[in-house]
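The values are calculated or read from the model by the stated rules, or taken from the named source; none is laboratory data. Just so we're clear, the structure is a prediction, and the values are computed from it rather than from any experiment. Backbone-built Cβ (ideal geometry, glycine too); neighbour counts: all protein chains shown. Side chains are part of the model used for accessible areas, which takes the heavy atoms of the whole protein and leaves out ligands, DNA and RNA. Shrake-Rupley method; radii C 1.70, N 1.55, O 1.52, S 1.80 Å.
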Amino acid sequence: MKPNPNPNSPFPESLKEKLSQRGRDNALRSLQQTYKDLIDFSSNDYLGFSFNQSISELVSEKLDTYKSTHKSATGSRLLTGNYPMIEDFESYLKGYYNSEAATVFNSGYDANLGLISAIGQRQDLILYDELCHASIRDGIQLSPAKAYKFKHNDLSDLEAKLSKFKDQFDSIYVVSEYVFSMDGDDSDPEALMSLCNRFQAFFILDEAHSIGVLNRYGIDNLCFTPFARVVTFGKAFGAHGAVVLGSNELKTYLINFAKSFVYTTAPSQETTARNWASHLYLDQNAKAFETLKSIIQYFKAEVSSKHLSSCFIDSNSAIQSCVIQGNTKVKSVSKHLQKEGFDVRPILSPTVPKGKERLRFCLHSFNTKTEISEILSKLGQSITN
Ligand SMILES: Cc1ncc(COP(=O)(O)O)c(C=O)c1O
């Protein structure tokens, strides 16, 4: 028999107050329908892979090849969830990303959380860019290591901290992102890697928003090999999941100590087939990738010709952020653009610092030049009103 639902489940006053405060700050989050009828300037599906028919056909081929019958992985990778396709996919990823080993996780959040919380020991230090993603910061919170942020993309600040702390800890880890998820600007992985090498620090790079946008195969040809790289499949690959790239020893370590790998059901065969198919497609087809590059250039040129540069954060990626101060104002500009047919979302404080609220334009290979000109004209009118 179905249990009776309890209409009056208790909810603590302290949590009610936190929600009320969010409301007073005009920052209360709620789930919204995705606007499928609006022009997409907000999803992470940079290359349109989530609705690419050729990729769906490759997915079916993979599922047929592996005669996949089970719709669930049926357990953790360490128990019944380690099916042949996921092992073969990891072997493929080693070649694709030119890495000794590859370990697939359920999401980018899980990958960063599992990796970073597992590596830092009590006698270690983690230095991380102040704009690093929540998954990195949450991994740090779970780790017993000491942690300090360094100023965003500021190599001198990082160098000063490495120099100050170099003899005080067993191991120092440095974490950054190639493309930052809120500002869209990029770091200099080569310079970060060189600095880490000088101080014998271990470098971790999150490539979530650069793969498929700045490059097709991830960072390569660095002067030294990073300790770990994290590539996610939910952005340009239009799929779901992530991989941690690094040495065989790192893989063995993650299988033993990364809790978000050990204590969770493995990705399903269908998910793995899609992740694999998206990689095969990107490997064999550069067109969407090249088109996206030209769309980004066009967007930037239009921002400049419409005299909007002063409110945009400089970025060469698919993430172009227009700072509009205040949750109320940025929400109203986004509502206006949505009414005009464009899906562009506001990013509110406290997700970004107060005063740095923004409209975050995500560009795609399938956005047209006409759409870009139109949305920027409407934005110009809207912010001057
Ligand atoms: C830089 C960065 N890393 C990791 C993640 C998490 O990836 P996923 O969405 O696969 O959990 C995100 C997601 O927004 C991100 O922006």
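For Ala118, all conditions in the list (1) over 30 Å from Lys293 (Cα atoms); (2) more than 16 Å from the chain's Cα centre (by Cα); (3) crowded, with 22+ Cβ neighbours inside 10 Å; (4) among the aliphatic types (A, V, I, L, M) hold save one; what is the number of the exception?
Among (1) over 30 Å from Lys293 (Cα atoms); (2) more than 16 Å from the chain's Cα centre (by Cα); (3) crowded, with 22+ Cβ neighbours inside 10 Å; (4) among the aliphatic types (A, V, I, L, M), Ala118 violates only (3).
Filtering the stretch 170-190 down to residues that are open to solvent by 40 Å² or more (accessible area, probe 1.4 Å) and away from the ligand (no atom under 12 Å from the Cβ), which residue is nearest to Asp157 (Cα to Cα)?
Asp188
Return the residue satisfying two criteria in turn: it lies in the stretch 191-246 and is under 13 Å from His279 (Cβ atoms) and hydroxyl-bearing (Ser, Thr, Tyr), and of such residues it is nearest to the ligand (Cβ to nearest atom).
Once the filter is applied, the top-ranked residue is Thr232.
Limited to the stretch 20-66, what total is found for residues that are surrounded by 11 or more Cβ atoms within 10 Å (Cβ to Cβ) and part of a helix (DSSP H, G or I)?
16
Within 16 Å of the ligand (Cβ to nearest atom), within 16 Å of the chain's Cα centre (by Cα) and assigned by TED's automatic domain parsing to the domain that holds Tyr97: does that describe Ala258? Please lay out each step first, then the result.
Numbers: within 16 Å of the ligand (Cβ to nearest atom): yes; within 16 Å of the chain's Cα centre (by Cα): no; assigned by TED's automatic domain parsing to the domain that holds Tyr97: yes.
When the stated conditions are applied, Ala258 does not pass them.
Identify, from the list Phe41, Phe49, the residue that is modelled with pLDDT of 95 or more and under 30 Å from Asn327 (Cα atoms).
Details: Phe49 fails: under 30 Å from Asn327 (Cα atoms).
Just one listed residue meets the conditions, Phe41.
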